[in-house]
Amino acid sequence: MNGELLVMAFDSSQQALRAEMLLEEQQIGFELIPTPGEITAGCAMSLSFAESGLEPVLAVVRREHVEIRGIFRKNGAGYDRQV
């Protein structure tokens, strides 16, 4: 993946797996990663994707009512919430 990466975190593994399935169906590029320790979330899995994919990812999440903890951008030693 090229460019800035964003991380979508979840409160449950059910929602993470649901998002994974929905994004795959839409052929939106992402990577399943362990949730970074700097992000407080109830699920150990997160999805990482290129910042250029933010709008398509948000469209799927909103349309399908996927519950997310947030979308974060790496900022030095931590993460800033974007959504």
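No lab work stands behind these numbers, since they all come straight from the coordinates. Keep in mind that what you see is a predicted model, and the values were worked out from it rather than measured. Cβ: placed from backbone, ideal geometry, glycine included. Neighbour counts: every protein chain shown.
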With Cys43 itself left out, Lys, Arg at +1 and Asp, Glu at -1 over residues whose Cβ is under 11 Å from its Cβ give -1
Simple spin-label estimate for Glu51/Ser12, 7 Å along Cα→Cβ, in nm, reads 3.3
Phi angles of region 50-58, converted by Karplus (6.51 cos²θ - 1.76 cosθ + 1.60, θ = phi - 60°) into ³J(HN,Hα) in whole Hz with x for Gly and Pro, give 5, 4, 5, x, 4, 4, x, 5, 4
With the charge dipole of the chain built from beta-carbon charges (+1 for Lys and Arg, -1 for Asp and Glu) about the Cα centre, the Cα from Gly29, Ala77, Leu17 projecting farthest to the positive end belongs to Ala77
In terms of the alpha carbon gyration tensor, root eigenvalues a ≥ b ≥ c, rounded if a/c is under 1.5 and otherwise prolate when a/b exceeds b/c or oblate, the chain is oblate
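Within the chain, which trypsin sites (Lys or Arg not before Pro) sit in a loop by DSSP and count at most 16 neighbouring Cβ atoms inside 10 Å? Present the calculation step by step, with values, prior to reporting the outcome.
On the way: sites: Arg18, Arg62, Arg63, Arg69, Arg73, Lys74, Arg81; in loops: Arg69.
Here no loop site has a sparse enough neighbourhood.
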The chain: longest segment with zero exposed GluC sites (Glu not before Pro), where exposed means DSSP loop plus at most 15 other C-beta atoms within 10 Å, is residues 5-37
